[in-house]
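For reference, the structure is listed below as structure tokens.
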């Protein structure tokens, strides 16, 4: 049973509290949008859930998972996460699979063709456009055989065709996962049935004791 529980969660950078007194549960198989103005902490919260960052106060619990190896159960796509520029598309997939296996519906070459990168199979990522890189990041995250999928502004750098591809991949290959989308773009999280608005946890920020 996958469940992520936040209790009295608070995060501070320098003297500024990003959010505070956050109580929330993310449940297995459900889809959540984390929304809020720029600077409200959407990316920060996703990084905390992924284990990349820590809370200043409060607790996070990954029920059904070992906290020391939670990274193995989470796949993450975000514009600021880097690919290995010297790798080709195929090499990036092979490297990725050393750490996270892929779902078994499609083979690597079929996935590359599906995301429109067939002609770039043996092309170094350093020569990709920003949109091509984002398609590759999404595919690596969505097709990973992990129960938790985190998506931070998933359609950054994508055109309308890229948006359509994103929704196709989610609907066909990810709806069984616990998905958390950090975004202010409704088109990126239209499939999410639940929302967490971090602006609701801003007014209390100054009341947290230092």
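The values are calculated or read from the model by the stated rules, or taken from the named source; none is laboratory data. The shown structure was predicted, so the numbers you read here are calculated from the model rather than taken from an experiment. Neighbour counts are summed over all protein chains in view; Cβ atoms, including those assigned to glycine, are modelled from backbone coordinates with ideal geometry.
Just checking, does region 98-108 include any residue being within 26 Å of residue 167 (Cα to Cα), in contact (Cβ under 8 Å) with a residue 12 or more places away in the chain and part of a strand (DSSP E or B)?
yes
Can you tell me which residue within region 52-76, out of those that are in a helix (DSSP H, G or I) and out of contact with any helix residue (DSSP H, G or I) (no Cβ under 9 Å at 6 or more places or on another chain), is modelled with the highest pLDDT?
Step by step, filter region 52-76, then rank; the result is 73.
Output the residues belonging to region 11-21 that are surrounded by 14 or more Cβ atoms within 10 Å (Cβ to Cβ) and either touching a helix residue (DSSP H, G or I) at 6+ places or on another chain (Cβ under 6 Å) or farther than 27 Å from residue 1 by Cα (or both).
Within region 11-21, 11, 12, 17, 18, 19, 20 meet the criteria.
Restricting to region 1-34, name every residue that is outside any strand (DSSP E or B) and within 19 Å of residue 51 (Cα to Cα).
1, 2, 28
Which residues, counting only those in region 140-168, are without any contact (Cβ under 8 Å) to a residue 40 or more places away in the chain, touching a helix residue (DSSP H, G or I) at 6+ places or on another chain (Cβ under 7 Å) and not in a loop (DSSP other than H, G, I, E, B)?
Answer for region 140-168, where residues must be without any contact (Cβ under 8 Å) to a residue 40 or more places away in the chain, touching a helix residue (DSSP H, G or I) at 6+ places or on another chain (Cβ under 7 Å) and not in a loop (DSSP other than H, G, I, E, B): 162, 163, 166.
Filtering region 22-51 down to residues that are surrounded by fewer than 19 Cβ atoms within 10 Å (Cβ to Cβ), at pLDDT 95 or above and over 17 Å from the mean Cα position of the chain (by Cα), which residue is nearest to residue 170 (Cα to Cα)?
Filtering region 22-51 for residues that are surrounded by fewer than 19 Cβ atoms within 10 Å (Cβ to Cβ), at pLDDT 95 or above and over 17 Å from the mean Cα position of the chain (by Cα), the one nearest to residue 170 (Cα to Cα) comes out as 24.
Given the criterion farther than 14 Å from residue 78 by Cβ and surrounded by 15 or more Cβ atoms within 10 Å (Cβ to Cβ), identify the matching residue among 177, 137, 118.
When all the criteria are applied, what remains is 177.
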